[in-house]
Amino acid sequence: AQSVTQLDSQVPVFEEAPVELRCNYSSSVSVYLFWYVQYPNQGLQLLLKYLSGSTLVKGINGFEAEFNKSQTSFHLRKPSVHISDTAEYFCAVSGPAGGSYIPTFGRGTSLIVHP
Amino acid sequence: GAGVSQSPSNKVTEKGKDVELRCDPISGHTALYWYRQSLGQGLEFLIYFQGNSAPDKSGLPSDRFSAERTGGSVSTLTIQRTQQEDSAVYLCASTPPDGRYGYTFGSGTRLTVV
């Protein structure tokens, strides 16, 4: 079984400040890891993914995430946020469980960027 | 099409009525997923289709929920005898077989049961 824990339900931050959104996962097999962003009244958009190789993954909109196997974490970071980054962020894990790749999502972290 | 298309975008229905939600995945994507997103909650897995294999229905919350996928393409999620607790956004996603490319989501159907 696999699971995802997003440690913060809400993260308020001022514009141009750095931000980290935390994600921990558990899985008995090797995994793929994803971060998605959801703007109001929209579907989910892929920010970045980790499949294998380099543990530092860069995505769209200046976001990056680091895979840490020993700590089973995949935290999302951005050095300087904008108002437009205000959205819901979801961490997800998937792996070849029984031949299928059904992703499990965390409960989401609401990033609120204040001017 | 270029993306995953879901219809309708909004649906208001009376308690006890049946509803059908449609998902048109990206052409060539063999895997299709339905999720439910309730207010303030994460994404709850409902059902998964992969090619011609039997679907994984392990996430369906009750026997009022069912889904089918015709010709390996369009999928319909049916909720019978809707209840107020069924109110949520229903999201569909598709992907090539092994998921490493990420999951492309539609914009969802917002279902409100009154």
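The values are calculated or read from the model by the stated rules, or taken from the named source; none is laboratory data. Nothing here was measured: the structure is a model prediction, and the numbers come from that model. Backbone-built Cβ (ideal geometry, glycine too); neighbour counts: all protein chains shown.
Would you point out which residue out of B:Ser58, B:Ser9, B:Ser53 is surrounded by fewer than 20 Cβ atoms within 10 Å (Cβ to Cβ) and touching a residue at least 60 places away in the same chain (Cβ under 8 Å)?
It is B:Ser9.
Look at B:Ala93 and say whether it is small (Gly, Ala, Ser), crowded, with 22+ Cβ neighbours inside 10 Å and touching a residue at least 12 places away in the same chain (Cβ under 8 Å).
Here the answer is yes, as B:Ala93 does meet what is asked.
Scan the stretch A:23-41 for residues that are within 11 Å of another protein chain (Cβ to nearest Cβ), in a loop (DSSP other than H, G, I, E, B) and either among the hydrophobic types (A, V, I, L, M, F, W, C) or crowded, with 21+ Cβ neighbours inside 10 Å (or both) and report the count.
1
Consider A:Pro12 against the criteria (1) part of a loop (DSSP other than H, G, I, E, B); (2) more than 14 Å from the chain's Cα centre (by Cα): it satisfies all of them except one. Which criterion is unmet?
(1)
Pick out, from the stretch A:42-115, the strands (runs of 3 or more DSSP E) lying fully within it that include 2 or more residues that are touching a residue at least 60 places away in the same chain (Cβ under 8 Å) and within 11 Å of chain B (Cβ to nearest Cβ).
Counting at least 2 such residues, we get A:87-94, A:109-114.
So that you can scan it fast, the table gives a plain yes or no per residue for (1) touching a Ser or Thr at 6+ places or on another chain (Cβ under 7 Å); (2) closer than 20 Å to B:Leu43 by Cβ; (3) part of a loop (DSSP other than H, G, I, E, B); (4) at pLDDT 95 or above:
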site: B:Ser66; (1), (2), (3), (4): yes, yes, no, yes
site: B:Gly71; (1), (2), (3), (4): no, no, no, no
site: B:Leu77; (1), (2), (3), (4): no, yes, no, yes
site: B:Ser94; (1), (2), (3), (4): yes, yes, no, no
site: B:Arg100; (1), (2), (3), (4): no, yes, yes, no
site: B:Leu111; (1), (2), (3), (4): yes, yes, no, yes
